Amino acid sequence: MPRWSRPVSLLLACLLAACGADPAPSPAASATSTATAPAGVEVRDDGLVATWFAPAGAVPMPALLVLGGSEGGKETSSRMAAGLHAEGYATLALAYFDHEGLPKQLQDIPLEYFGRALDWLVRQPGVDATRIGVVGGSKGAEAALLLASRDRRVRAVVASTPTDHAWQSVDWNGWSDTPSWTEGGAAVAYLRYAPFDPTAGLRALYDRSVADAPQALRDAARIPVEQSDAAFLLIAGAQDALWGAVEASDRIAATLAAANHPREVQVLRYADAGHVVFIGRAIAPDDAVLERILPMGGTREGVLAAINDGWPKTLDFLARNLAPADSAAAR
């Protein structure tokens, strides 16, 4: 193990724990999943580990697959899913590592697992299978973009603090030169971490890792978003302490523009916000969650403004792009 790998893991753990540290309890209920389960029940079908917030009405609803980030588990995704469910969406909060029945570390996660989650989602009564979106933050945004580039059922993507590349695995125990993701049993090409200078911080690590990678590897690890049929909303803060999400968002948008992508592509950039710019709800100035967000970059005022500006814009984006196919609002 390189001697600088342990500081990488420790700093990642310290910073990324903030993403999943909302003091509100998880809304998941302890119940057995059924096809018509009420909101907030546990799902263990098809090898999935998820919480299901079911459709609330008789008319088929759009549905969202919701993915948390490097904090693991599904507490973060469940909170986001509950907020989106309250706005009229059926939501499936999916864990993909660090939960009973799943890999402990964020490494070698099969992309097919997310495809099975979509399979499950579109089978549910009350879900309109033609109106499916994916919402993800940080590593969840990375997974969401990879999924959308491979599965044309995805009609809309909300990617909070995204990257435009697939990355090396996140191993809390040290250093693992392994992929975050696999497909068909093989590694999805990924960028490796450069040697880490603890005095420079994680943002410098990610920036250097991109700069040091050979062009052929950068090309291979780039997420091919132009293969998607989805609309994209990319949300990023310029003071992100982890990676360059604004720059990645701009590169994603440029790639889609060059490909004459036929769907909406929108980038929300916030100059004074950091790595956490979306939590699935608006927040008040005295909300305790701000204290856990600020280590990820940005000013208190900037983070608060970004979350509260982005939330209604996210809902507007989803309403436009997951509208019924025969609606004039559909894009």
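Read-outs throughout are calculated quantities, based only on the coordinates presented, and are distinct from any laboratory measurement. Remember, predicted model here, so these are calculated numbers, not experimental data. Neighbour counts run over all protein chains shown; Cβ positions are idealised from the backbone, glycine included.
Considering only the other residues whose Cβ falls under 13 Å of the Cβ of R192, what net charge follows from Lys and Arg at +1 and Asp and Glu at -1? Mind showing how you got there, number by number?
Working: positive: R208, R218; negative: D171, D177, D212.
It works out to a net charge of -1.
Would you grab the residues whose amide H sits under 5 Å from the one on D272? Only those 5+ places off in sequence or on another chain, please, with H modelled 1.01 Å from N.
A238
Which entry is the computed semi-axes √(5λ) of the Cα gyration tensor in Å for this structure: [x] 35, 24, 16; [y] 30, 24, 23; [z] 28, 21, 21?
Read-out taken from this structure: [z].
Kindly rank 284-293, 106-115 from highest to lowest mean number of other beta carbons found within 10 Å of each residue. Before the final figure, lay out each step's value.
Numbers: 284-293: 14.7, 106-115: 19.3.
Descending mean neighbour count gives 106-115, 284-293.
Taking 0.36 nm per intervening residue step and subtracting the Cα-Cα distance, what contour gain separates D119 from R44 on full extension? Don't skip to the answer; put the middle values down first.
Working: separation 75, 0.36 × 75 = 27.00 nm, distance 1.36 nm.
Here the segment from D119 to R44 would lengthen by 25.6 nm.
Relative contact order of the chain, please, whole-number percent, based on alpha carbon pairs below 8 angstrom and at least 6 residues apart. Mind dumping the intermediate values first?
Working: 772 pairs, mean separation 54.2, N = 331.
It rounds to 16 percent for the chain.
I want the local charge near S176. Using Cβ-Cβ distances under 11 Å, sum +1 for each Lys or Arg and -1 for each Asp or Glu among the other residues.
Residues near S176 contribute -2 overall.
Note down the net charge around P55, summing +1 for each Lys or Arg and -1 for each Asp or Glu among other residues with Cβ under 15 Å from its Cβ. Write down the numbers at each step before the final one.
Values: positive: R123, R131; negative: E87, D128.
Counting the neighbours of P55, the net charge comes to 0.
Specify the angular offset, from 0 to 90 degrees and rounded to the nearest 10, of the alpha carbon long axis of helix 139-148 from the longest principal axis of the alpha carbons in the chain.
60 degrees
Within 10 Å of each residue's Cβ, count the other Cβ atoms and sort S78, S160, S209 from fewest upward. The partial results should precede the final answer.
Values: S78 25, S160 29, S209 19.
Ascending number of Cβ neighbours within 10 Å: S209, S78, S160.
Rounded, prolate or oblate: pick one for the range 34-116, where a ≥ b ≥ c are the square roots of the eigenvalues of its C-alpha gyration tensor, a/c under 1.5 means rounded, and failing that, prolate if a/b is larger than b/c, else oblate.
On the way: a/c = 2.17, a/b = 1.77, b/c = 1.23.
The shape class here is prolate.
Using only Cα atoms and rounding to the nearest 10 degrees, what angle (0 to 90) does helix 5-16 make with the longest principal axis of the chain?
40 degrees
I'd like the orientation of helix 75-85 relative to the chain: the angle between its Cα long axis and the longest Cα principal axis, in ° from 0 to 90, rounded to 10.
Taking Cα atoms only, the helix is inclined about 40 degrees.
Starting from the Cα of K139, draw a straight line to each of the lysines and keep only those under 19 Å, dropping any in the same chain fewer than 8 residues away.
Result set, ordered by chain and number: K74, K104.
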